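Structure, as structure tokens:
The values are calculated or read from the model by the stated rules, or taken from the named source; none is laboratory data. For clarity, every value in this text was computed on a predicted model and none was experimentally measured. Because the Cβ atoms are built from the backbone with ideal geometry, glycine has one as well, and the counts that use them run over all protein chains shown. Ligands, DNA and RNA are stripped out before the accessible areas are found, and what is left, the full protein with its side chains, is counted by its heavy atoms. Shrake-Rupley method; radii C 1.70, N 1.55, O 1.52, S 1.80 Å.
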Amino acid sequence: MSTVGSIPSVTANGAKIPLVGLGTWDLRGRTCARIVEAALRLGYRHIDTAEMYDNEREVGEGLHASGVKRGDVFVTTKVWPSHFTPRELERAAHESLARLRVRQVDLLLLHWPNPQIPLRDTIGALCKVKRDGLTRHIGVSNFTVKLVAEAVQLATEPLVCNQVECHPFLDQSKVIAACRKHGMAVVAYSPIARGSARNDKVLARIGAAHDKTAAQVCLRFLVQQDIVVIPRTSKEQRLSENAAIFDFTLSAAEMAEIAGLARRDGRLIDWSYSGNTQWD
Ligand SMILES: NC(=O)c1ccc[n+]([C@@H]2O[C@H](COP(=O)([O-])OP(=O)(O)OC[C@H]3O[C@@H](n4cnc5c(N)ncnc54)[C@H](OP(=O)(O)O)[C@@H]3O)[C@@H](O)[C@H]2O)c1
């Protein structure tokens, strides 16, 4: 398997985030540790996990086994909304660090909004764990346009990203514009639409013209807009494929055609329990 070469980064409110990271939701046990180690050996420098994925131990195992220097890897984890009171959030952050076996993560996110707990309290606690050195940067995930504005207003430390579902089949233009307005990066989860991009005829046709797969065109479409992508795979051979997206450029016409696939209701992930029904 070939190495992936150097992956460019975006800078957002002081954070330098590699444009491609490895998503780890649903990767468990040996598979998780093995894929994380393989990704880092190939040249990935960004790993995305969460306390809810129940795999931080294995992510840590892969990280340490890879031999890559800790300072060279951008590690993100997330606090689950049931731990959003200040005391619980601090405890959850310490527990994540212990499972990952690191002194500090690079980015700590609020995983989903929790309408049951005042955002002011949770953002205050998130800023405190950053000041205390448990994380280098902080951010949010699954925050709507309105919630992003509220969070930015309440935060005393910079929020560097909003991690949201983002792929060519979902119109996220409003939440993307809101992040940009506040200098925040957009981190795209489910960036290949949980694998379904591989079957899309438009992406496949455009890919054929560039000698690339539909999945690569899908990811390229996002990074070409400076959107960070965190595709997940359990297969080592797909790690290189998902990162080999910096040696071709989509034309303006191709970008417009792909943007035309977006639908307002193209969401794949059910988030009704978070109390929100629209991103904007
Ligand atoms: N913040 C949040 O609330 C949230 C929510 C969802 C996800 N996430 C994060 O985002 C990451 C990515 O999202 P996701 O896991 O939902 O979906 P995804 O990355 O869009 O898709 C993963 C699926 O695509 C397949 N796949 C991977 N590379 C492929 C390729 N080159 N060609 C064809 N199929 C390919 C994988 O199968 P194989 O394993 O067989 O390759 C897997 O079934 C997660 O792992 C997690 O870290 C965050």
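Things worth noting here:
- With the simple spin-label model, which puts each label point 7 Å out from Cα in the Cβ direction, the Asp132 to Glu236 separation comes to 4.0 nm.
- Convex hull projection area averaged over all views, the chain, Cα basis, nm²: 13.2
- In the stretch 139-242, GluC sites (Glu not before Pro) in a DSSP loop with at most 16 other beta-carbon atoms within 10 Å: none
- The length gained by stretching the chain between Gln225 and Phe246 to full extension, at 0.36 nm per residue less their Cα-Cα distance, is 6.3 nm.
- Charging the Cβ of each Asp and Glu at -1 and of each Lys and Arg at +1, and nothing else, the dipole of the chain about its Cα centre rounds to 280 debye.
- Cα centre as origin, Lys/Arg/Asp/Glu Cβ charges: the stretch 162-213 dipole, Debye: 60
- Residues considered: Ile117, Ile230, Ile47. Largest GNM mean-square fluctuation over the chain, using C-alpha springs under 10 Å, is found at Ile117.
- Relative contact order of the stretch 79-208, pairs being alpha-carbon contacts under 8 Å that are 6 or more residues apart, as %: 20
- Pairs exceeding 26 Å between alpha-carbon atoms, taken from Lys174/Lys235; Lys181/Lys235; Lys16/Lys201; Lys16/Lys174; Lys146/Lys201; Lys78/Lys146: Lys174/Lys235; Lys181/Lys235; Lys16/Lys201; Lys146/Lys201.
- Label reach from Ala204 (point 7 Å along Cα→C-beta): in the stretch 230-261, amide nitrogens under 18 Å belong to 258, 261.
- Based on the reciprocal of the average 1/r between different C-alpha atoms, the Kirkwood radius for the stretch 191-280 equals 14.1 Å.
- Heavy-atom accessible surface of the chain: percent carbon and sulfur, 1.4 Å: 49
- As a length-normalised measure over Cα pairs under 8 Å and 6 or more apart, the relative contact order of the stretch 148-251 settles at 23 percent.
- The stretch 28-109, relative contact order [Cα under 8 Å, separation at least 6], %: 33
- Here the Gaussian network model covers the chain, with springs between Cα atoms less than 10 Å apart; of Thr85, Thr122, Thr249, Thr249 fluctuates the most.
- Convex hull volume per residue for the stretch 139-220, taking Cα atoms only, in Å³: 85
- Loop sites in the stretch 98-179: trypsin sites (Lys or Arg not before Pro), DSSP, at most 14 other Cβ within 10 Å: Arg101, Arg103
- Largest-first principal axis extents, alpha carbons of the stretch 81-122, Å: 31, 17, 14
- The antiparallel fraction among DSSP beta bridges confined to the stretch 1-76 stands at about 45%.
- The H on the amide N of Ser141, modeled in the peptide plane, is under 5 Å from the matching H of Leu110, Gln163, each at least 5 residues off or on a different chain.
- Cut-off 20 Å (backbone N to label point 7 Å along Cα→Cβ of Asp270), residues of the stretch 42-78: 52-54
- Dipole of the stretch 86-195, positive direction: furthest Cα of Pro86, Val148, Pro115, with charges on the beta-carbon: Pro86
- Within the stretch 144-268: Cβ-based charge dipole about Cα centre, in debye rounded to nearest 20 (Lys, Arg +1; Asp, Glu -1): 320
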